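A short write-up of the structure that comes next.
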Amino acid sequence: MLPFLLRRALSSVIVIFCVISITFVLARITKGGPFDKEKEPPPHIKEALLTRYKLNGTVWDQYTAYVGSLVRFDLGLSTRYRDWRVAELLQQKMPNSFALGSLAFVIASCAGVVLGSLAAMKKDTWIDRTAMFGALLSISIPSFISGPFLIAIFALWLGWLPVGGWGTVSQMILPALCLAAPYIAYVARLMRNSLLDVLKSDFLRTARAKGLTETQAVVRHAVKVAILPVVTFLGPLAAHLLTGSMIVESVFNISGAGMIFVNSIQNRDVFLLGGAVIVYCVLLVLFNLFVDVLYTLLDKRIKLYA
Amino acid sequence: MPEAAAPASIARPDGWQILKRNRAALIALGFLVGLSLIAIVVPVLLPAELKVTSSASFVPPMQHAVETHATHLLGTDVNGQDMLYRLLSGARVSLGVGLVGALISLGIGTLYGMISGYAGGRIDGVMMRTIEVLQSVPRILFIMILIAALDDYVKEWIDGWRLAAQARNWADLAKTISDVKAYSKVLVMIVSLGLVEWLTMARIVRGQVLVLREMTFVTAARAMGQSPWGVLRRHLLPNLSTIILTYLTLTIPAVILDESFLSFLGLGIEDPAASWGSLLKDGAQVINPLESKWWLLVFPALLMATSLLALNFLGDGLRDAFDPKSGE
């Protein structure tokens, strides 16, 4: 286990390093710098600003300076929000996205597993067909369409949930549902296909022969094996949801990490962009690692190779 | 996979028959062909006064605009442009970006997957690790960065052509080029999306090549002295065609979704060009509870959702028919 973890940690660092390098270089060769305004500042002021943020010289110089500060765990200063550190900005915005993302994650994984299992157990009945059609529908409808419609139905028409705002759980349900919808579908389809395979296997025939009802057999034995492909999908899903969906945040007017991504690109705020990318990659790598470890716990046949 | 089992799972001669029996996929195919034809033909036939901006803004559907004496089947938007025309030219852009972007990703992905799978060994290892690295890049974010980086360069490049045309006094060409410049974002989007979406395709193709290259007809072709390139092109590519077609169909909706996300955030297609995403953005901006301009939101939403649903239905149908690894 330990050599595996060490090896993975090393390769993760390399991955993150590659991603951050590509991001930084692309962001710096993009036309228009962070201090270009419609009213062009005097050249010596612009030069002084660039020097202060270590953004002058060749792209290579800037890149080495940036990597140098990263090695010291310093994400740098935001060029747009003057006097704000990138770390502070991320600390301020991330919790909103995390809260929204965790709720969406719970909804997506639970609803997906339950719906997928139901569809597999009732294969070729109306339950299966409805669930699979619903899955295809929610994959096909982007969140900026489903968002306004969810608001119209649950908030304006039925009046069950508040229209907007942020802070209480009831205000979080609609955005989380909207964010989770396509992923419920992905999880449900994965779960259905994998459970269908498992239902045909020998150990399940034994379980049935012991006298277990179909539900007992599925809940006690089949789900544990069938959930493995779903678990692989949950790693990237978690990172994706936790770093926030720009669309859902903009539809429901939530100030979170998604808006950092969009704004930092438009403002050419290189360091803020870099910081956000790092957070995303670290989460992705961590969750994937977590999934691999979880795998060995769920399925004793799998050994982690070093 | 053992060699004896391979032919049955790859050839699957009944693939087209499976597809023909899938009524939902056939209806989806019919819908998509019909929509593409309408999107290409109808905007040309519409009367010219509907295609320009007018003073008749926010005319509700099926009503006669007092200012211009034109009937607008689906109403007009803030600039008094006919929604039907906007919707169909949006369909052209969205479907076009989806198709061409997916084709680019298909080209890159197929080539990459074929080389990786056929070369095997260390080359394969390095190429697959590279894909793993690229997969941990936040995709939509990367597309945004690429678009921001490419956009100004493309605009400058097109401007260069315009100036060159002007210098030679080709006024018509210069005008055409400056018209094209307004649509430069479309080009940038296509390239950026194509450059990012090829990873799944590469992995699927590689997986298939790994199976195919062990088969006797490949060994025979090699024994007869065919170059690796010849084997790839003449023997492997034909056997990959159905699976490539399947994943092409599934990539198109993904590219369309990405395009609409970006356009909705205001980073994608810009006026005067329209796409479903940019139409929905315009629609969402004028929505308010007091005086609902529902037609600006409902029509693009319906058309977009139906088209994506049709593409996904067709893609799933193709996958059931041709992908040996999926399902039963």
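Just a few scattered comments:
- The single condition from (1) open to solvent by less than 10 Å² (accessible area, probe 1.4 Å); (2) modelled with pLDDT under 90; (3) within 22 Å of residue B:186 (Cα to Cα) that residue B:65 fails is (3).
- Flag for residue A:120 being within 14 Å of chain B (Cβ to nearest Cβ) and in contact with an Asp or Glu (Cβ under 9 Å, 6 or more places away or on another chain): yes
- Against the test of being aliphatic (A, V, I, L, M), within 12 Å of chain A (Cβ to nearest Cβ) and more than 28 Å from residue A:133 (Cβ to Cβ), the options B:309, B:262, B:303 yield a single qualifying residue, B:262.
- For the range A:153-187, the set of residues classified as within 14 Å of chain B (Cβ to nearest Cβ), open to solvent by less than 40 Å² (accessible area, probe 1.4 Å) and assigned to a helix (DSSP H, G or I) consists of A:155, A:178, A:179, A:181, A:182, A:185, listed by residue number.
- Some residue of the range B:94-109 being out of contact with any strand residue (DSSP E or B) (no Cβ under 7 Å at 6 or more places or on another chain) and part of a loop (DSSP other than H, G, I, E, B): no
- Identity of the residue in the range B:22-56, part of a loop (DSSP other than H, G, I, E, B) and open to solvent by less than 50 Å² (accessible area, probe 1.4 Å), that ends up modelled with the lowest pLDDT: B:56
- Qualifying positions in the range B:304-315 - open to solvent by 30 Å² or more (accessible area, probe 1.4 Å) and at pLDDT below 90: B:313
- Residues in the range B:145-194 that are without any contact (Cβ under 8 Å) to a residue 12 or more places away in the chain, within 14 Å of chain A (Cβ to nearest Cβ) and of a type in the set (Asp, Glu): B:152, B:156.
Table: residues versus (1) open to solvent by 30 Å² or more (accessible area, probe 1.4 Å); (2) small (Gly, Ala, Ser).
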site: B:87; (1), (2): no, no
site: B:103; (1), (2): yes, no
site: B:122; (1), (2): yes, no
site: B:125; (1), (2): no, yes
site: B:134; (1), (2): yes, no
site: B:152; (1), (2): yes, no
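- All helices (runs of 4 or more DSSP H) inside the range A:191-306 with 1 or more residues being open to solvent by 30 Å² or more (accessible area, probe 1.4 Å), more than 12 Å from every other protein chain (Cβ to nearest Cβ) and not charged (D, E, K, R): A:202-209, A:214-217, A:223-226, A:228-242, A:270-298
- In the range B:23-51, the residues that are under 15 Å from residue B:88 (Cβ atoms) form Cβ pairs under 9 Å with partners that are basic (Lys, Arg), at six or more places apart or across chains, as follows: B:36/B:92; B:39/B:92; B:40/B:92; B:43/B:51; B:43/B:92.
- Residue match in the range A:131-147 (condition: within 18 Å of residue B:257 (Cβ to Cβ), modelled with pLDDT of 85 or more, touching a His at 6+ places or on another chain (Cβ under 9 Å) and not aliphatic (A, V, I, L, M)): no
- Residue in the range B:179-187 that is within 21 Å of residue B:85 (Cα to Cα), acidic (Asp, Glu) and surrounded by fewer than 18 Cβ atoms within 10 Å (Cβ to Cβ) present: yes
- Residue match in the range A:202-222 (condition: modelled with pLDDT of 85 or more, more than 26 Å from residue A:171 (Cα to Cα) and β-branched (Val, Ile, Thr)): yes
- Test: residue in the range B:250-265 that is among the charged types (D, E, K, R) and modelled with pLDDT of 85 or more: yes
- Residue in the range A:253-262 that is closer than 22 Å to residue A:62 by Cβ and of a type in the set (Ser, Thr, Tyr) present: no
- Members of the range B:224-259 found to be in a loop (DSSP other than H, G, I, E, B) and either within 14 Å of another protein chain (Cβ to nearest Cβ) or at positive phi (or both), listed by number: B:225
- Residue within the range B:274-287 that is within 12 Å of chain A (Cβ to nearest Cβ), buried (at least 24 other Cβ atoms within 10 Å of the Cβ) and over 23 Å from residue A:249 (Cα atoms) present: no
- Tally, over the range A:15-47, of residues that are farther than 28 Å from residue A:278 by Cα and either at the interface with another protein chain (Cβ under 10 Å from one of its Cβ atoms) or among the acidic types (Asp, Glu) (or both): 2
The values are calculated or read from the model by the stated rules, or taken from the named source; none is laboratory data. Keep in mind that what you see is a predicted model, and the values were worked out from it rather than measured. Ideal geometry is used to build each Cβ from the backbone, glycine not excepted, and the neighbour counts take in all protein chains shown. These area figures cover heavy atoms from the full protein model, side chains too; ligands, DNA and RNA do not enter into them. Shrake-Rupley method; radii C 1.70, N 1.55, O 1.52, S 1.80 Å.
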